[in-house]
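Notes follow once the structure below has been shown.
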Amino acid sequence: QKEVEQDPGPLSVPEGAIVSLNCTYSNSAFQYFMWYRQYSRKGPELLMYTYSSGNKEDGRFTAQVDKSSKYISLFIRDSQPSDSATYLCASASGTYKYIFGTGTRLKVLA
Amino acid sequence: EPEVTQTPSHQVTQMGQEVILRCVPISNHLYFYWYRQILGQKVEFLVSFYNNEISEKSEIFDDQFSVERPDGSNFTLKIRSTKLEDSAMYFCASLGGIGQPQHFGDGTRLSIL
């Protein structure tokens, strides 16, 4: 079983839609959860960072972590064509090793 | 905003040659990482480095790989004898302290011929 699983997509939505991106993880020791955005030929750009369970909101982005079901979500409100990218979830139990999902390709259509 | 910088952006090397990838982490960060991303695949952890020693490494990080922090600013990844399958994007990341997230550079695209 992969430690972090993510649907690779692609996911196509119309501009203005609410986007829901999801990951599951298997390691109960994971306590740090991140969402990164990656444009083609660029490095992962940190979007959201959550410690343990709960919700975190930043502008149009909301991250949710449910440790009981080992489920991580990212919601994007009022999606824009500029949000078109690959979204990576990552998890870690400590500081030394982060495990990434495969990434979900998102396309927001104008 | 401070950023992680990597050089070169693209490196082309003959199979069997040694290559050194360079990174300047964010100033005052304490933890340093290398990741690899083969085209179309996931970002894979290679190694983490703290307090001038390797903290953790993956099974990918075999004897052909080494890391070094030769001075107070640079962090390097050396591949001793490159293979075709080493062709990938290599990302450096740094982290300020426990409980803080990693920040990534834009990567070095390594092409082995």
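How large is the convex hull of the C-alpha atoms of chain A per residue, in Å³?
Spelled out: Cα convex hull of chain A, divided by residues, is 96 Å³.
Sort out for me the Cα centre separation of segment B:89-103 from segment B:9-59, rounded to whole Å.
Using only Cα atoms, the two centres lie 11 Å from each other.
So between residue B:66 and residue B:18, what do we pick up on full extension, going 0.36 nm a residue minus the alpha carbon distance?
Here the answer is 16.2 nm.
Is segment B:1-81 best put as rounded, prolate or oblate by its Cα gyration tensor, with a ≥ b ≥ c the root eigenvalues, rounded for a/c under 1.5, and otherwise prolate when a/b is larger than b/c, oblate when not?
Verdict is rounded for segment B:1-81.
Assuming R0 = 45 Å, can you tell me the calculated FRET efficiency for the pair residue B:98 and residue A:41, based on Cβ-Cβ distance, to the nearest 0.05?
E(calc), rounded to 0.05, equals 0.90.
Which whole number gives the average, over all residues in A:86-95, of C-beta atoms from other chains lying within 10 Å of the residue C-beta?
3
Tell me the label-point distance for the pair residue B:30, residue B:76, using the 7 Å Cα-to-Cβ offset, in nm and rounded to one decimal.
Each label point is offset 7 Å from its Cα along the Cβ direction, giving 2.6 nm.
State the dimensionless ratio Rg/Rh of the protein assembly as shown (Rg: radius of gyration of Cα atoms; Rh: Kirkwood radius). Walk me through the numbers on the way to the answer.
Details: Rg = 17.4 Å, Rh = 18.0 Å.
So for the protein assembly as shown, dividing Rg by the Kirkwood Rh gives 0.97.
Shielding by partners for A:39-46, please: the mean number of other protein chain Cβ atoms within 10 Å of each residue's Cβ.
6
Mind telling me which of B:16, B:96, B:40 comes out most flexible in a GNM of chain B, alpha-carbon contacts under 10 Å?
Between B:16, B:96, B:40, it is B:40 that shows the largest mean-square fluctuation.
Considering segment A:9-53, what Rg and Dmax in Å follow from its alpha-carbon atoms?
13.3, 37
Which order, highest average first, do B:50-58, A:30-38, B:19-27, A:4-12 follow once you tally other Cβ atoms within 10 Å for each residue and take the mean per peptide?
By packing density, highest mean first, the sequence is A:30-38, B:19-27, A:4-12, B:50-58.
Within segment A:66-110, find all residues whose amide N lies under 14 Å from a label point positioned 7 Å from the Cα of residue A:18 along Cα-to-beta-carbon.
Only A:74-79 pass the distance filter.
Excluding residue A:15 itself, what net charge comes from residues whose Cβ is under 10 Å from its Cβ, given Lys and Arg +1 and Asp and Glu -1?
Neighbour charge sum, excluding residue A:15 itself: -2.
Roughly how many nanometres apart are two label points built 7 Å out from the Cα toward the Cβ at residue A:7 and residue A:55?
Between residue A:7 and residue A:55, the label points sit 2.1 nm apart.
Starting with the highest mean, order A:43-50, B:102-109 by the number of other Cβ atoms within 10 Å, averaged over the residues of each peptide.
In decreasing order of mean packing, A:43-50, B:102-109 become B:102-109, A:43-50.
Would you tell me the mean number of C-beta atoms belonging to other protein chains that fall within 10 Å of each C-beta in B:101-109, as a whole number?
What the average comes to for B:101-109 is 6.
Hey, what do the phi angles of segment A:48-54 turn into as Karplus ³J(HN,Hα) couplings, whole Hz, using 6.51/-1.76/1.60 and θ = phi - 60°, x for Gly and Pro?
Once rounded to whole Hz, the list reads 9, 9, 10, 9, 6, 7, x.
Each reported figure results from applying straightforward, stated rules to the coordinates on display, with no laboratory input. Fair warning: this is a prediction, and the values are worked out from it, not measured in the lab. Virtual Cβ from ideal backbone geometry, glycine too; neighbours counted across all protein chains shown.
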